[in-house]
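Computed from the coordinates by the stated procedures, all read-outs in this text should not be read as laboratory data. Worth saying up front: this structure is predicted, and the values here are computed from it rather than measured. Note that each Cβ is placed from the backbone with ideal geometry, even for glycine, and that neighbours are counted across all protein chains shown.
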Amino acid sequence: MPYVTVKMLPGRTVDQKRALIEKVTDAVSETTNAPKENITVFIEEMDATHYGQAGVMHADKNNARHPRIQLDVRVFFSLLSSLRTARSGRSA
């Protein structure tokens, strides 16, 4: 049962979140062969005052208005590896 957490700053519409959940579910299902009904996607909206980088609160940076999506690194590299394997299998 794959669990995927997407962390991002607020600002996305419900339709954008719905599309994100659908596409992440499709990608995980395709790369892991897990049934879609077994895949759970969590969206965590992070307030720009709840984290910082290089000693500076994100809300204090000039780019605080530009939402960024952070996919768990382990999930990202797992998906990337699976996609590469799937693509190399298709070209053979």
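Taken one residue at a time, the phi angles of region 3-9 give Karplus couplings (6.51, -1.76, 1.60, θ = phi - 60°) of 10, 10, 10, 10, 9, 7, 6 Hz. Gly and Pro are set to x.
Distance between the modelled labels on residue 78 and residue 44, one decimal in nanometres: 1.6 nm (7 Å Cα→Cβ projection).
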